[in-house]
1. Find the lysine pairs in chain B meeting two conditions, Cα atoms under 20 Å apart and a separation of 8 or more places or different chains, and report how many there are.
2. Just which residues of segment B:34-49 lose 20 Å² or more accessible area with every protein chain there, against their chain alone, with the probe set to 1.4 Å?
3. I'd like the distance between the alpha-carbon centres of segment B:27-88 and segment A:1-77, rounded to an integer number of Å.
4. Which of these, B:Ser75, B:Ser30, B:Ser94, has the largest mean-square fluctuation under a Gaussian network model of chain B (Cα springs below 10 Å)?
5. Between A:Asp31, A:Asp84, A:Asp59, which gets the highest mean-square fluctuation from a Gaussian network model of chain A, Cα cutoff 10 Å?
6. Debye calculation, C-alpha points only, no solvent: report log10 I(q)/I(0) for segment A:34-91 at q = 0.12, 0.31 Å⁻¹, in the same order as the q values.
7. What percentage of the solvent-accessible surface of segment B:30-93, computed with a 1.4 Å probe over protein heavy atoms, is contributed by carbon and sulfur atoms?
8. Tell me, what is the per residue accessible area of the protein assembly as shown in Å², probe radius 1.4 Å?
Amino acid sequence: DQQVKQNSPSLSVQEGRISILNCDYTNSMFDYFLWYKKYPAEGPTFLISISSIKDKNEDGRFTVFLNKSAKHLSLHIVPSQPGDSAVYFCAASAGAAGNKLTFGGGTRVLVKP
Amino acid sequence: NAGVMQNPRHLVRRRGQEARLRCSPMKGHSHVYWYRQLPEEGLKFMVYLQKENIIDESGMPKERFSAEFPKEGPSILRIQQVVRGDSAAYFCASSPPRVGAKNIQYFGAGTRLSVL
């Protein structure tokens, strides 16, 4: 059972425009959500996170939105830059169930100059 | 650089051999996690350890796989009698003790295991 899903395997966006990445989850026990960025042959790099008690968190060009009723979160990158081209993973954890992170399948973002 | 260190970066083994993957957490981090990524898939949790203790091994295959995090030295993920299906990227992550719901894990560059 896939508890965290990223339904768009890829996304292409023009430099300077907004990138919107989506993530859906099914486990209502998840209380902390994270986005990671991954380049080929490297490990995931932490980008931004949000607790379930919030609906928005912003850090520079990155904003994460959480809609608990819809069990949906999104990552906005604005403006998009060529260096943002990477695979982005959504992840979630449920405090009561321990520390493990459950990952989505990833979305490959290509930012065109 | 006090990041999560994994070695080797690449490991080639023949079927039936043993694979040992090492991970040194970030300085000050006492929690270590191992994840596996198959091609074109997301990362899958394997095991969570603290010093000398396995806290959660719910993602570990029942046979051939084991993990440890000794009092001294790196965490080790050990795969005995490797099979071709074990070929994957294995990532280690570390974190400080959890504060409330906050659970940020920092990842190493991974070990890419190829089984011939």
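1. 6
2. By number: B:Tyr35, B:Gln37, B:Glu40, B:Gly42, B:Leu43, B:Phe45, B:Tyr48.
3. With segment B:27-88 and segment A:1-77 each reduced to a Cα centre, they are spaced 25 Å.
4. Fluctuation is largest for B:Ser30.
5. Checking each option, the largest mean-square fluctuation is seen for A:Asp59.
6. Summing over Cα pairs of segment A:34-91 leads to -0.29, -1.36.
7. On the way: 1430 of 3110 Å².
Carbon and sulfur together cover 46 percent of it.
8. Each residue of the protein assembly as shown exposes 50 Å² on average to a 1.4 Å probe.
The values are calculated or read from the model by the stated rules, or taken from the named source; none is laboratory data. Everything numeric here is computed off the predicted structure, so don't read it as measured data. Note: ideal-geometry Cβ built from the backbone for every residue, glycine included; neighbour counts use all protein chains shown. Areas reflect the complete protein model, heavy atoms only, side chains present, ligands, DNA and RNA absent. Shrake-Rupley method; radii C 1.70, N 1.55, O 1.52, S 1.80 Å.
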